[in-house]
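Heads up: the structure comes next, in structure tokens.
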Amino acid sequence: DTAVSQTPKYLVTQMGNDKSIKCEQNLGHDTMYWYKQDSKKFLKIMFSYNNKELIINETVPNRFSPKSPDKAHLNLHINSLELGDSAVYFCASSQDGWGSNQPQHFGDGTRLSIL
Amino acid sequence: AQSVAQPEDQVNVAEGNPLTVKCTYSVSGNPYLFWYVQYPNRGLQFLLKYITGDNLVKGSYGFEAEFNKSQTSFHLKKPSALVSDSALYFCAVRVPRPGAGNNRKLIWGLGTSLAVNP
């Protein structure tokens with residue numbers, strides 16, 4: 001039983017294309033996140049949704065648009081992909097949002113490579 | 001500015017020896033402290049946390065960490081390292097957001113790569 005699952009695991013595409021990454025969690029959590037991990041392994045929060053409401057939107061280009069159709073899903077759509085978007089994108093979830101002392105549960109990442 | 005530091009990019013230790021991965025923080029308010037581990041090609045996995053109470057917390061895979069308020073540190077330790085402990089370790093601190101009620105900001109360290117040699 002995969003708790004946080006992301007698809008696809010690998011994504012190789014051309015510069016300028018539009019792509020989406022899907023994330024689903026079956027933990028019953030109310031908060032979901034998108035992170036970007038660059039080639040130096042630095043982890044940066046991009047977005048967070050609590051009960052389908054956007055609560056964190058860090059300094060991310062507006063080419064990136066998250067969508068949460070329900071509490072269990074948080075998808076990431078990226079328009080006009082650029083070389084600098086190459087990274088590993090992680091989805092995560094937790095219970096009780098940003099005031100919580102609960103840990104986050106991570107998916108295994110989507111490795112995005114821009115040619 | 002509030003920050004979390006993992007002063008060592010890499011830690012090398014021989015199998016069977018004790019290991020320590022360091023984390024220090026500079027934050028206001030009472031922090032919640034977390035350690036996560038990332039194995040190659042995997043997502044981060046929660047190891048342990050300190051919220052309140054006993055300064056020594058025990059977590060998964062035999063790891064423990066000690067909260068030291070005076071030194072603002074939360075070092076990760078294990079008495080006897082295994083080759084399978086080789087991974088990337090992240091410290092994270094959740095701190096109150098000013099004027100945001102119960103909402104807390106999560107600050108991540110930059111990670112420490114642990115290599116355990118046979």
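Candidates are the residues of the range B:75-84 that are closer than 20 Å to B:Leu110 by Cβ and open to solvent by less than 50 Å² (accessible area, probe 1.4 Å); the one that is nearest to the other protein chains (Cβ to nearest Cβ) is B:Leu76.
Specify the residue that is farthest from the other protein chains (Cβ to nearest Cβ); the eligible residues are those in the range A:87-103 that are in contact (Cβ under 8 Å) with a residue 40 or more places away in the chain and outside any strand (DSSP E or B). Please lay out each step first, then the result.
Residues of the range A:87-103 that are in contact (Cβ under 8 Å) with a residue 40 or more places away in the chain, as a first pass: A:87-98, A:100.
Next cut, outside any strand (DSSP E or B) only: A:95-98, A:100.
On the way: A:Gln95: 12, A:Asp96: 9, A:Gly97: 8, A:Trp98: 5, A:Ser100: 8 Å.
So the residue we want is A:Gln95.
Selection over the range B:44-74 of residues that are within 14 Å of another protein chain (Cβ to nearest Cβ), loosely packed, with under 14 Cβ neighbours inside 10 Å and not hydroxyl-bearing (Ser, Thr, Tyr) gives a count of 1.
If the condition is being among the charged types (D, E, K, R) and closer than 12 Å to A:Tyr89 by Cβ, then the range A:15-50 contributes A:Lys19, A:Lys22, A:Lys36, A:Asp38, A:Lys44. Please find, within the range A:22-62, the residue that is surrounded by the fewest Cβ atoms within 10 Å (Cβ to Cβ) out of those that are in contact with an Asp or Glu (Cβ under 9 Å, 6 or more places away or on another chain) and at pLDDT 95 or above. So the residue we want is A:Asn26.
Quick one: in the range A:104-115, of everything that is out of contact with any helix residue (DSSP H, G or I) (no Cβ under 8 Å at 6 or more places or on another chain) and open to solvent by less than 20 Å² (accessible area, probe 1.4 Å), which residue is farthest from the other protein chains (Cβ to nearest Cβ)? Step by step, filter the range A:104-115, then rank; the result is A:Thr110.
Of everything in the range B:18-43 that is closer than 19 Å to B:Asp54 by Cα and hydrophobic (A, V, I, L, M, F, W, C), the residue that is farthest from the other protein chains (Cβ to nearest Cβ) is B:Cys23. Among the conditions (1) within 24 Å of A:Lys36 (Cα to Cα); (2) in contact (Cβ under 8 Å) with a residue 60 or more places away in the chain; (3) open to solvent by 20 Å² or more (accessible area, probe 1.4 Å), the only one that B:Asn17 does not satisfy is (1).
The values are calculated or read from the model by the stated rules, or taken from the named source; none is laboratory data. All values reported here derive from a predicted model rather than from experimental measurement. Neighbour counts are summed over all protein chains in view; Cβ atoms, including those assigned to glycine, are modelled from backbone coordinates with ideal geometry. Calculation scope for accessible area: heavy atoms of the full protein, side chains included, ligands and nucleic acids excluded. Shrake-Rupley method; radii C 1.70, N 1.55, O 1.52, S 1.80 Å.
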